[in-house]
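J.: Pasting a structure below so you can have a look.
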Amino acid sequence: MAEPPVARPAAARRLELDDIQGLALRPHSELPYVSYLFLRVVDRARALAALGAATGAITTAKAVLAPSARRPKTRVQLAFSHTGLAALGLDAVTRASFSPEFQSGMAEPARSRRLGDRGESAPERWELGGSGHRLEVLVALFADTAEARAALVAEWGGRLDGLVVEKQEDSTPRKNQKEHFGFRDGVSQPALRGDPTRAHLAAADRIADGEFLFGYANEYGKLPSAPRTAGGVDLGDNGTYLVFRKLEQHVARFWRYFHIAGGNDAREAERLASKCVGRWPSGAPLVLAPDHDDRQLGDDMAHNNHFLYRDGDPLGMRCPLAAHIRRANPRDARGSTAADSLTLVRRRRIIRRGRLWGVAPRTAQPQHEDGERRGLYFVALNINIARQFEFLQQTWLNNPKFAGLANDRDAVVASAEDGGAVSLPGEPFRRRLAGLPSFVTVRGGEYYFMPGLKALGRLLAACSQNS
Amino acid sequence: MSGPYALTIIAPIDGNRRASLDGALAEIAADLPNNRLVPFAALSTTHFARFVILPGRDGGADLLVFESNHDGEPDEYCDHLARVAGAGLDALFGCCIGWPPGGVADVDGYGEFMRAHRRSAAAFHMGYRGHTKASVLNDLAVWDAVEKWLDANEPDRAHWKSRSALELRTRIAGAVAAIDPSLSLRPAAPDHRAAVRWAAIIFLLVTIGPIYLLLAASLRLRELAYARSWRPEPTLPVADLDALRAIEDRRGVVQNQITHLAIMKNDWRHRLTARVGLWAVNQVSRFIMNEGQLGGILTIHFARWVTLDDGRLLFLSNYDGSWESYLGEFVDRAHVGLTGVWSNTDGFPPSRWIVADGATDEESFKSWTRNRQLSTQVWYSSYPKWSIDNILNAIAVREGLYAHFGEKECRAWLNRL
């Protein structure tokens, strides 16, 4: 059994790149074809042996930070749900050292209230996870072509002896870096402060490593308490929690709503939808481009995310208080001062690693159903699910009282179950978009633990001990 | 006017009547507004209220706590309670030791029981000082009527854009008065809060300053010893945590509540420090941060600390939003005051000079809080749909309806809507 890692001065510790799974540092976006294999344990001993043998094939951060010619053309990441750890034989005392959210799972009833998973989005209706499936082990396979992905899936299907594929979810490439509604997304993305290749990012987007990895100081200057065995062996080091949600996007419903609200004028429809998003389709933020889209700005990664709210747009005249991006990252707008707000926001951020599924709509702003289902695999990394992902979901995105509002919802991601409108501040007085239907439905999800490689060895050893 | 007021009744439970008490609490919880025992909808002056059972200390009797945040002096309020919720008081406090055999019908016995078991709050914070429940509800209705007028007149925004904000406000005021003549649209009463604020700050610095220095110096060695022996507490088992969470985030209610019970450290210096700290928090809430927020937190409707006779410190809070958000604000913004109070109780993350560190240890502080949180049996909010932001905004909207505003102030008023 490996020794627990020595305690190091947390603030000074450098990222152990050859022990961290690559996804923590990079989205692998040059590999647009992803398969998420959700596996179930059928033979514990064989599964443990197969996972142990596969450890060397897991892609590390070091490999993906290599010069582009040497980066692997296929990549593999591995994570476990709480039921997966139980199925692999991890004892109850050790499992109890993982985060409570991870232990209860995403479909727990009180959690559904917090996450807003009700009505059409309720776990009873999920097609992925909930009580219907055992999504115990997650293997994410990344490839540069559809053929390479198929080969990778076949290879891993054979390699993972003792496990069977319960569900397979395949991504589709992004078109022009836009999600299905037609907006550039993922513009505002925090990076680990210890990532040597991200030192050029704005300070506000460089977040303490301990917000995303165990074994490093977090934004409070503390080492997050990590999972460990009853005997005190650390299992957290260089690992993190991965949130997986399958979201369906109702694209025709989205644009139909905004076309009607915009008096059947395509430009007005686009303006109103952009008000609700907080960015124009190109990615240009409304704070910087209040009146019309600015493609050049949208494409300019050096400027399309450089803005704040407090001084230039405190009342939301440009970017409404209820806009999606203002809720998801309020920047300097919360709290009594800008500095106070920025500190608070740094303690809530998540790293997003989302992908799309289903074919892209054939036209921009489609108003008619084309019989296809499509959406987003929401994938997020964070160290404290309650303080980061769930807080964002409950207190900012789904909260009708966000920023002092009375009954406003996030038009893009929130459910229509609780009603709500979106106020668009303006002169002489606000306009209110009412009667918004749900544009996104949750179709499934689960919480996973994505371990560091050495900790994975200790985890598998701890599982084998309890036979 | 200085209300609303805090009432806390704490009485030992007769162990033989526990089942009956549990049954009555469950009956009330099943239909908060209209149950036959304590029909909260009829308690027209109660903003927030709860009944909660505290475990006895060291084998002592369990305690039944009634918390209310209400308008009117306590004696007057107790009379009102007896009239509206007499059956409930008989059913609940009838399970406690010392309840008069005649119940609320025994006016003298009832009054004596309430006085004997009333505990004053060591610190009490209210989010809307000086506003009765009736005036809050009135102002929410005024605000709602204004919003409805704006909804209906949205198509005429272009027309109003060419007119002055003053003219628009006059039009709105006239329309609101016509919609519901029963609404009170009176302008703001003069307010002297700002004037006393600086005086209060100076007074507090002068009084608390020297006491703080003495206490901090006398406690420093104890703090160091405590920090050496202190270990983070294990987090609550997930089943217990999920049980607490099961009663949080109630559908259709924007507030949550906390009942929290900590044991005071057994040392006179800590007891004294806690008293001074609570007194200071109370003064700050009354005279300095008396317009909604406390310590940078603008989500607290009502909160109080009560020192129990058995040396424990009870904390009751009624706040907007999620537990994670509330506790996050404690850590991010209000850690100094909270550490000043709670560092005098067992298990709290180590402090420095009484007010530093402590609650800044985010994970440990949250575990410590959850480990001492109790399940609340009955909890009632009069404003399930309205956050404190909404209430303060509604008050400002009503006050601005006829205020002497210039064009610019009028525009700012319109931006509140």
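The values are calculated or read from the model by the stated rules, or taken from the named source; none is laboratory data. Computed from a predicted model, the values in this text were never measured in an experiment. Here the Cβ positions follow ideal geometry from the backbone for every residue, glycine too, while neighbour counts run over all protein chains shown.
J.: Tell me, which residue of region A:319-353 that is of a type in the set (Val, Ile, Thr) and within 13 Å of chain B (Cβ to nearest Cβ) is nearest to A:Leu433 (Cα to Cα)? Steps first, answer last, please.
T.: Keep residues of region A:319-353 that are of a type in the set (Val, Ile, Thr), which gives A:325, A:337, A:343, A:345, A:350-351.
With the extra rule that they be within 13 Å of chain B (Cβ to nearest Cβ), the set shrinks to A:337, A:343, A:345.
Working: A:Thr337: 30, A:Thr343: 32, A:Val345: 28 Å.
So, considering only residues that are of a type in the set (Val, Ile, Thr) and within 13 Å of chain B (Cβ to nearest Cβ), the one nearest to A:Leu433 (Cα to Cα) is A:Val345.
J.: Still on this model: Quick one: B:Tyr128 ticks every box in (1) surrounded by 16 or more Cβ atoms within 10 Å (Cβ to Cβ); (2) facing another protein chain (nearest Cβ under 10 Å) except a single one, so which number is it?
T.: Among (1) surrounded by 16 or more Cβ atoms within 10 Å (Cβ to Cβ); (2) facing another protein chain (nearest Cβ under 10 Å), the lone unmet condition for B:Tyr128 is (2).
J.: Could you list all residues from region A:98-128 that are facing chain B (nearest Cβ under 8 Å) and surrounded by fewer than 19 Cβ atoms within 10 Å (Cβ to Cβ)?
T.: Those that are facing chain B (nearest Cβ under 8 Å) and surrounded by fewer than 19 Cβ atoms within 10 Å (Cβ to Cβ): A:Pro109, A:Ala110, A:Arg113.
J.: While we're here: Looking at (1) out of contact with any His (no Cβ under 9 Å at 6 or more places or on another chain); (2) touching a residue at least 12 places away in the same chain (Cβ under 8 Å); (3) in a loop (DSSP other than H, G, I, E, B), which is the one condition that is false for A:Ala53?
T.: (3)
J.: Does B:Leu166 fit the bill of being in a helix (DSSP H, G or I) and closer than 30 Å to B:Asp267 by Cβ?
T.: Taking the combined requirement at face value, the residue does not satisfy it.
J.: Checking A:Asp91 against (1) modelled with pLDDT of 95 or more; (2) within 28 Å of A:Glu155 (Cβ to Cβ), only one condition comes out false. Which one?
T.: Status for A:Asp91: all satisfied but (2).
J.: Which of the numbered conditions does A:Gly445 fail, given that it passes all the others? Conditions: (1) more than 23 Å from the chain's Cα centre (by Cα); (2) within 22 Å of A:Ile350 (Cα to Cα); (3) not hydrophobic (A, V, I, L, M, F, W, C).
T.: Exception for A:Gly445: condition (1).
J.: Applying the selection to region A:412-426, what residues are closer than 19 Å to B:Leu417 by Cα, in contact (Cβ under 8 Å) with a residue 24 or more places away in the chain and of a type in the set (Gly, Ala, Ser)? Please lay out each step first, then the result.
T.: To start, the set of residues in region A:412-426 that are closer than 19 Å to B:Leu417 by Cα comprises A:419-426.
Retained after the next criterion (residues that are in contact (Cβ under 8 Å) with a residue 24 or more places away in the chain): A:422-426.
Result: A:Ser423, A:Gly426.
J.: A further question on this structure: Which residue out of B:Arg370, B:Arg352 is under 26 Å from the mean Cα position of the chain (by Cα), within 25 Å of B:Arg333 (Cβ to Cβ) and of a type in the set (Lys, Arg)?
T.: B:Arg370
J.: Mind listing whichever residues of region A:384-398 are touching a strand residue (DSSP E or B) at 6+ places or on another chain (Cβ under 6 Å) and assigned to a loop (DSSP other than H, G, I, E, B)?
T.: A:Ile385 - this is the single residue of region A:384-398 that is touching a strand residue (DSSP E or B) at 6+ places or on another chain (Cβ under 6 Å) and assigned to a loop (DSSP other than H, G, I, E, B).
J.: Surrounded by fewer than 18 Cβ atoms within 10 Å (Cβ to Cβ), in contact with a Phe, Trp or Tyr (Cβ under 9 Å, 6 or more places away or on another chain) and in a helix (DSSP H, G or I) - does that describe any residue in region B:89-109?
T.: yes
J.: To continue, here is another question. Could you pull out the residue among B:Ser375, B:Ser382 that is more than 12 Å from chain A (Cβ to nearest Cβ), among the hydroxyl-bearing types (Ser, Thr, Tyr) and under 15 Å from the mean Cα position of the chain (by Cα)?
T.: B:Ser382
J.: So, one more: Considering only region A:190-236, state which residues are surrounded by fewer than 23 Cβ atoms within 10 Å (Cβ to Cβ), touching a Pro at 6+ places or on another chain (Cβ under 8 Å) and assigned to a loop (DSSP other than H, G, I, E, B).
T.: A:Ser225, A:Gly232, A:Val233
J.: What pairs come out if I take residues in region B:204-216 that are within 19 Å of B:Ser343 (Cβ to Cβ) and pair them with residues that are outside any helix (DSSP H, G or I) whose C-beta lies under 7 Å away, six or more apart or interchain?
T.: Cβ pairs passing all conditions: B:Leu215/B:Ile354; B:Ala216/B:Trp353; B:Ala216/B:Ile354.
J.: Here is a follow-up. Is it the case that some residue within region B:134-146 is within 30 Å of B:Phe93 (Cβ to Cβ), surrounded by fewer than 14 Cβ atoms within 10 Å (Cβ to Cβ) and in contact (Cβ under 8 Å) with a residue 60 or more places away in the chain? Before you say what the answer is, go through the steps one by one.
T.: Restricting attention to region B:134-146, the residues satisfying the condition of being within 30 Å of B:Phe93 (Cβ to Cβ) are B:134, B:136-137.
Now restrict to residues that are surrounded by fewer than 14 Cβ atoms within 10 Å (Cβ to Cβ): B:134.
Adding the requirement that they be in contact (Cβ under 8 Å) with a residue 60 or more places away in the chain leaves B:134.
Scanning region B:134-146, I find at least one residue that is within 30 Å of B:Phe93 (Cβ to Cβ), surrounded by fewer than 14 Cβ atoms within 10 Å (Cβ to Cβ) and in contact (Cβ under 8 Å) with a residue 60 or more places away in the chain, so the answer is yes.
J.: Taking region B:363-417 as the search range and keeping residues that are over 21 Å from B:Gln293 (Cβ atoms) and in contact with an Asp or Glu (Cβ under 7 Å, 6 or more places away or on another chain), which one is surrounded by the most Cβ atoms within 10 Å (Cβ to Cβ)?
T.: Looking at the filtered set, the residue picked out is B:Trp368.
J.: Return the residue satisfying two criteria in turn: it lies in region B:210-264 and is of a type in the set (Ser, Thr, Tyr) and away from every other protein chain (no Cβ under 14 Å), and of such residues it is farthest from the chain's Cα centre (by Cα).
T.: Applying the filter and picking the extreme gives B:Ser229.
J.: Taking region B:142-166 only, how many residues are in contact with a helix residue (DSSP H, G or I) (Cβ under 8 Å, 6 or more places away or on another chain), more than 8 Å from every other protein chain (Cβ to nearest Cβ) and more than 19 Å from B:Ala394 (Cβ to Cβ)?
T.: Of the residues in region B:142-166, 3 are in contact with a helix residue (DSSP H, G or I) (Cβ under 8 Å, 6 or more places away or on another chain), more than 8 Å from every other protein chain (Cβ to nearest Cβ) and more than 19 Å from B:Ala394 (Cβ to Cβ).
J.: OK, next. Does region B:21-46 hold any residues that are polar (S, T, N, Q) and buried (at least 23 other Cβ atoms within 10 Å of the Cβ), and which are they?
T.: B:Thr46
J.: Okay, moving on. Go through region A:97-115 and give me each residue that's touching a helix residue (DSSP H, G or I) at 6+ places or on another chain (Cβ under 7 Å) and either outside the structural domain of A:Leu235 (by TED's automatic domain parsing) or among the small types (Gly, Ala, Ser) (or both).
T.: A:Ser104, A:Gly105, A:Ala107, A:Ala110, A:Ser112
J.: A further question follows. Quick one: how many residues across region B:301-320 are out of contact with any Asp or Glu (no Cβ under 8 Å at 6 or more places or on another chain) and within 14 Å of chain A (Cβ to nearest Cβ)?
T.: 1
J.: Having 2 or more residues that are under 30 Å from B:Arg416 (Cα atoms) is the bar; report the helices (runs of 4 or more DSSP H) wholly within region B:319-404 that clear it.
T.: Ranges flagged: B:323-332, B:388-401.
J.: While we're looking at this one, here's another question. For region A:69-93, which residues satisfy the criterion of being touching a Lys or Arg at 6+ places or on another chain (Cβ under 9 Å), in a loop (DSSP other than H, G, I, E, B) and of a type in the set (A, V, I, L, M)?
T.: Answer for region A:69-93, where residues must be touching a Lys or Arg at 6+ places or on another chain (Cβ under 9 Å), in a loop (DSSP other than H, G, I, E, B) and of a type in the set (A, V, I, L, M): just A:Leu88.
J.: Please enumerate the residues belonging to region B:47-79 that are surrounded by fewer than 19 Cβ atoms within 10 Å (Cβ to Cβ) and closer than 18 Å to B:Leu32 by Cα.
T.: The answer is none; no residue qualifies.
J.: Filter region A:354-374 down to the residues that are among the hydrophobic types (A, V, I, L, M, F, W, C) and outside any strand (DSSP E or B), then identify the one that is nearest to the other protein chains (Cβ to nearest Cβ). Please lay out each step first, then the result.
T.: Our first condition is that a residue be among the hydrophobic types (A, V, I, L, M, F, W, C); within region A:354-374, this holds for A:356-357, A:359-360, A:364.
From the residues that got through so far, the ones that are outside any strand (DSSP E or B) too are A:359-360, A:364.
Values: A:Val359: 37, A:Ala360: 35, A:Ala364: 28 Å.
Only one residue tops the list, namely A:Ala364.
J.: What do you reckon, is A:Ala66 closer than 24 Å to A:Val34 by Cβ and in a loop (DSSP other than H, G, I, E, B)?
T.: It is true that A:Ala66 is closer than 24 Å to A:Val34 by Cβ and in a loop (DSSP other than H, G, I, E, B).
J.: If I filter region B:321-362 down to residues being farther than 30 Å from A:Pro400 by Cβ and facing chain A (nearest Cβ under 8 Å), which single residue comes out as surrounded by the most Cβ atoms within 10 Å (Cβ to Cβ)?
T.: The selected residue is B:Asp361.
J.: Output the residues belonging to region A:87-103 that are small (Gly, Ala, Ser) and within 19 Å of the chain's Cα centre (by Cα).
T.: Result: A:Ser99, single match.
J.: Filtering region A:415-442 down to residues that are away from every other protein chain (no Cβ under 14 Å), of a type in the set (A, V, I, L, M) and surrounded by 19 or more Cβ atoms within 10 Å (Cβ to Cβ), which residue is nearest to the chain's Cα centre (by Cα)?
T.: A:Val442
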